[in-house]
Amino acid sequence: MLAYLPRPPTDTSQYGTFPQEPELPATPGTLAQDSWQQASTTSAKRSAQMPNYPSLPCRGIIVPSEPSLLLSHSSTAAQYRPGDLPRCPPPALQETGTHWYPLHALSVPNIPSSARGRTSARSSAAAAVPAPEGLPSRCRKLLEEDSPAVQAGKRQRQRYVTKVGKCQVNLGNIQEKKRFLSDIFTTIVDLKYRWFLFVFMMCYIVTWVVFGTIYLFDAWVRGDVWHQGDPTWQPCIENVDGFISALLFSVESQRTIGYGSRMVTANCAEGVILLMAQSIVGSMIDALMVGCMFVKISRPKKRAQTLIFSKNCVISRRDEKLCLMFRVGDLRDSHMVDAKIRAKLIKSRQTAEGEFIPLEQSELNLGYDTGEDRLFLVEPQIICHVIDCRSPFWDMSAESLRREQFEIIIILEGIVEATGMTCQARTSYTEDEILWGYRFEPCMSLEKGAFRVDYSRFELTFEVQTPVASAKELHELRELEQQEHSTLSLYWDHLLQPCVP
């Protein structure tokens, strides 16, 4: 294809044309004459071999007249960046009708202010990175962008959800904290283990101490403390002569131990009432704390740790459509029941009225309209999001992906087969964790009549040929090709139609 491109003049190298092989020195007049002669010859050949596509109006981009240039992930194109290209060719080139072919045609969006801020920060960080002398300026820029200092600056951005599924959102300045006491069960279950064990022990210790103090006070008021060992005295609580003995009696009564040396007699009604009250309160504490302990131990948070996600997303073509894909897997033999998966895009934006919406959540279609979001998760699954006109990535190309700033939240839900409780596993992907032009390697094989999953290949990817243009641009080019094909078909049908006298 490079042989059919016109050889550019020396003063138009800023337009990102394809590099030429070094030639022998020649005079400027000879170079200009040879270039225009070759341009006229190649334009005639191209018009005979390939139909001419209509050129779109110049609105900040340069439209190529050959769509095959968009299908490249080539080494030649990798040396150039669309950000270095001008918005429109000079008037001299427009008048002559010469077509120039920049690298990523149709994929140079306007850089937002946030991206400009990140670009300035990236350039300041890259200024401290020494670049080898003698390299071209564009190669030096690529080395600076891939430097460790710049990559470390990218990794410092705050995530909405961590890779292990923890939400990085702290709630503060809550005025009505009494709402948490209205749902005491959930509040206790959500406590950390150290605080939960502290509350668990304090519930029993406080009740033992409180009822022990009441028993001691009743024995002191009735005079049982002062008549220990008197056979003629009829005590209310026997063998309670101090706080320690009263505390032991409280523990024995609530835990129904009953050693036999201390007990409530029938000589007083208040002792019987206190014993009944302590038995009821003890039963309530047992039901609450044992239930909280059981729920906290059997919570499906630990089950979510055996649900794994791939570290990176990939973008490649599947069934002639650009798709964003990631992989999920279950490490346990007991499978999730009714597993469902969904995805959220977290991205800030500004409305047409000037309102700034921070961290706006939008849904990514993973097949909920066709039922593909319901998984039978017995082996690793590759989840696919088709980038169509309803997708937020519809007009995003490989180059514009590097300028964006967003986060994709993946939520996998299902019912734990052993306990019947709902389990939820989460992870996230930022823009620098998306690999353009890659696919996941297979990790399943047939072995001795059964399928074997090799989880050592779970994260492996390989590079495939993928257009660097956006899905919108590819769709428009496909429509142009279909329109041109239909026009040529009608033309040839008209030529082949026999003449009617």
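The values are calculated or read from the model by the stated rules, or taken from the named source; none is laboratory data. Since the structure is predicted, the reported quantities are computational estimates derived from the model, not experimental observations. Quick reminder, even Gly has a Cβ in these numbers, built from the backbone with ideal geometry, and neighbours come from all protein chains shown. With ligands, DNA and RNA removed, areas are computed over all heavy atoms of the protein, side chains included. Shrake-Rupley method; radii C 1.70, N 1.55, O 1.52, S 1.80 Å.
Based on a Kirkwood Rh over C-alpha pairs, give the Stokes-Einstein translational diffusion coefficient of the range 156-215 at 4 °C and viscosity 1.567 mPa s in µm²/s. Show your work: numbers first, answer last.
On the way: Rh = 15.0 Å.
It comes out at roughly 86 µm²/s.
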Handout entry: Relative intensity, log₁₀ I(q)/I(0), of the range 246-299 from a Debye sum that treats every alpha carbon as a point, q = 0.19, 0.25, 0.30 Å⁻¹
Key = -0.71, -0.97, -1.17
Problem - Calculated log₁₀ intensity ratio I(q)/I(0) where the Debye formula runs over C-alpha points of the range 187-298, q = 0.15 Å⁻¹ - result: -0.67
Completion exercise
Projected onto the charge dipole of the range 260-415 (unit charges on the beta-carbon of Lys, Arg, Asp and Glu, signs +1, +1, -1, -1), the Cα from SER391, SER279, LEU345 with the largest positive-side position is that of SER279
Problem - Against the rule of thumb 2.2 N^0.38 Å, how large the Cα Rg of the range 378-501 comes out - result: 1.70
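Structure shown: which of LYS178/LYS301; LYS163/LYS347; LYS192/LYS311; LYS311/LYS347; LYS301/LYS344; LYS311/LYS448 lie over 23 Å apart, alpha-carbon to alpha-carbon?
Values: LYS178/LYS301 27 Å; LYS163/LYS347 17 Å; LYS192/LYS311 28 Å; LYS311/LYS347 20 Å; LYS301/LYS344 21 Å; LYS311/LYS448 31 Å.
Table pairs above 23 Å Cα-Cα are LYS178/LYS301; LYS192/LYS311; LYS311/LYS448.
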Completion exercise
Per the 1/(1 + (r/R0)^6) rule, R0 = 45 Å and r from the Cβ atoms of ARG299 and GLU270, FRET efficiency to 0.05 is 0.55
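Let me check something: with ligands and nucleic acids excluded, how do LYS448, LYS347, LYS301 order by accessible area (1.4 Å probe), largest to smallest? Numbers along the way, then the final one.
Numbers: LYS448 200, LYS347 65, LYS301 135 Å².
Result, largest first: LYS448, LYS301, LYS347.
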Handout entry: Environment charge of ASN239, counting only residues whose C-beta is closer than 13 Å and scoring Lys/Arg +1, Asp/Glu -1
Key = -4
Problem - Residues whose placed amide H lies under 5 Å from that of LEU435, excluding near-sequence neighbours - result: CYS313, VAL314, ILE315
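Just add up the charged neighbours of GLN228: K/R +1, D/E -1, any other residue whose Cβ is under 11 Å from the Cβ of GLN228.
Values: positive: none; negative: ASP224, ASP230, GLU238, ASP241.
So the surrounding residues net to -4.
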Practice task
For the range 303-477, state the semi-axes of the equivalent ellipsoid (square roots of 5 times the eigenvalues of the alpha-carbon gyration tensor), sorted largest first and rounded to whole angstrom.
Solution key: 30, 21, 14
Exercise for the section: Provide the per-residue ³J(HN,Hα) series for the range 259-267, in order, calculated from phi with Karplus coefficients 6.51, -1.76, 1.60 and θ = phi - 60°, each as a whole number of Hz, with x at glycine and proline positions. Expected result: 6, x, 7, 10, 6, 8, 9, 8, 7
Problem - Quotient of C-alpha Rg and 2.2 N^0.38 Å, computed over the range 362-409 - result: 1.37
Completion exercise
Dimensionless Rg/Rh of the range 235-392, both radii on Cα and Rh by Kirkwood, sits at 1.39
Practice task
Mind putting a number on the dipole of the range 187-298 about its Cα centre? Charges go on the C-beta only, +1 for Lys and Arg and -1 for Asp and Glu, and I need it in Debye to the nearest 20.
Solution key: 540 debye
Problem - Where labels lie 7 Å past Cα in the beta-carbon direction, separation of LYS340 and GLN361 in nm - result: 1.4 nm
